[in-house]
Each structure stands twice: as C-alpha cells, then as structure tokens.
Amino acid sequence: MTEKSCVICGGSESEGDVLLQAPCGSHWVCTDDVASFFQRATESESLFPPKCCAQMFILDEYEEHVPFDVAWQYRVKEQGEYAILAKFRVYCANSKCTKFLHPSSHVTNNTANITYAICEDETCGKITCIGCRVLLDQGVANHVCNKDEDEEKFKQEVSAKGYQLCSICNTTIELIEACNHVTCECGHNFCYVCGKEWHGLHACPQYGHPKYDEDGYNQDGYHGDTGLNREGLTRRQDLARRRREHMDEDDDDGDGVADQDDDDDDDDDDEVDNEDDPDWEVLQHLTPDQRRAVNTLVQDARDNALDQLRIELFETQGIMF
C-alpha cells in the first residue's frame, strides 16, 4: 500500500507529520500546509478561496489545525473585503494605510451631500470620500466631490503612461515585459493591450506594445478597432484557413486526409515535421509525442493549448512569437 504523503511538501506520517484529507478526496495535506492555504488566501485574492483539485477548503472543517490569528484574518477577508465586488470596494485614501473601508462604516452627510468613511485603523483615523476616494483633510463640510472629473483625469493619465485598468476592480496595472495576458490580483484575466477579458489568441500582439500603420493595422496585420486582418478574418479564422490550405496541399489523392509516407523502413518518419504548418513556430519546440497529443485535440482546445505553450516558452526560455 502506498504511504500517504502531503501533496505540498511531501511529508509522510512515518516522518511524524499529521496528514489531513484534502476536500478533493484524492490528496493529503499536512497541518502546516493546511494553515498556509488559508494564510496565502488572505494575502492574495487570486488564491481565494483555497482549493485542491478545484474543491474548496472550508475553514470550519480545518479550523482546529489553523492558528487563531490566521483563521481570524481569513474570516475578516471572507466576510468583508472579498464579499464585495472588487470594483465597488473603497480603501482608505491614506497611502500609508489603504485599509479596506467596509460599507457598514460609510456615513452619508445629507447637508454636504457626501458619503464618507473614517478609517478604523488605530494608527490612521483619516476620512475618505467614498465618491471620489480622496482624503478629506479639510473636513467633510468643506469638500466638493468631483468624482466624474477626477475619474476622467485619472483615466487620461493612465492612458498617457501606457498603463491598463482592471475592468473588475479598477486596479492600475503596469506591465514591464512578458506576455500581454494579465491576471489581476482580483483574479480577472484580461489583455493588457485592449483591456478586454482574455479569451485566448486574438488580434492584439501577444508580446509588447502594438505598432499601428497608417491604416490602423498592427504589426501582426490586425486592425486595432475591428480585430480583423485585411482579408476580414480574425486571427483564429486566419489560422484555421491556413491549416485547411496546408492540409489540402498534403492531400494529393483528394480524399480529405493528409497523405502519409508509406515507407515502413524508417519509423522515425512517422511524425512529419512540416515547417509549413502555421503553428510550427510552437510545435517545433515539442517532442513528437507532445505534438501528436496536441494535434488530437478539437480545434478550440488545440488553440488554447498552443496559446499556453507560447506563454510558457516565452516565460521559461525567452522565446517570442
């Protein structure tokens, strides 16, 4: 019988570790790592809620193995900040504090027509305007909320500096290098170029800033507004067309199936490495077995797998496409 071991650190019961069954029912986790699941979730919303094999860790089921302060912080996040849709959250405008201001702390002053919150952090106590999210250093009565005007100025500044705003939580993000597929702290995936939700390969370049010609087409040949190339095709449609053309070129007998070399004397030729394949730029970095596995996928799954491989090859080997 295989000895149980922690899926995170590899520790086993024979080494003195206490192992708990993960919510997926297939893995085991030591008590130290169970606590770390909840700790990391309080530090980064992208790790909330903690999961194993897509099954969520419920604090009530593991609380006796989680330090009190970690469990407390987790519940505060779970019932407070994380319970509010990211774009509706307000934080203390004091840059040295930035504590989350729970809606229950918001106060409306009907006379001044303003809603504000007093930071409850004992080292802060500053007042933040909920509307325009600035400090009210001069008091509530003397403040004029210019929410729309301030937001427009901020967006113009973000655009001028080449930054991007997360459409879910409005966090300002600066991408120094790497793939334009961005995952915000709130967990939202989007394209750093166009700001739209990430659905895989599309018109925007996968790496770096776009460079448009006088007609509005980027360096990959796709229009910045329509997302289409000069033939009126999306990137995925163009790739599919190129694949069909490639298969037609290989189908000499017209039966709809790419012809294979019948020479049985050379088993190494079973995997045809054709550089005319539009995806060869990625496939060439895989083993024959990996290429065969990718090519057995349905089209959408194949495209998504190739997208992820492009990202992985860039991040691990610096290969750009």
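Among the residues of segment 180-208, how many are modelled with pLDDT under 80 and either closer than 25 Å to residue 41 by Cα or part of a loop (DSSP other than H, G, I, E, B) (or both)?
8
With respect to residue 69, is the statement that it is acidic (Asp, Glu), over 22 Å from residue 188 (Cα atoms) and touching a strand residue (DSSP E or B) at 6+ places or on another chain (Cβ under 7 Å) true?
Against the criterion (acidic (Asp, Glu), over 22 Å from residue 188 (Cα atoms) and touching a strand residue (DSSP E or B) at 6+ places or on another chain (Cβ under 7 Å)), residue 69 does not qualify.
Have a look at 102, 143 and point out the one that is crowded, with 16+ Cβ neighbours inside 10 Å and modelled with pLDDT of 90 or more.
When all the criteria are applied, what remains is 102.
Within segment 227-245, which residues are more than 24 Å from the chain's Cα centre (by Cα) and in a loop (DSSP other than H, G, I, E, B)?
Passing the criteria: 228, 229, 230, 231, 232, 233.
The values are calculated or read from the model by the stated rules, or taken from the named source; none is laboratory data. As the structure is a computational prediction, the values presented were derived from the model and not from experiment. Every residue, glycine among them, receives a Cβ derived from its backbone with ideal geometry; neighbour counts consider all protein chains shown.
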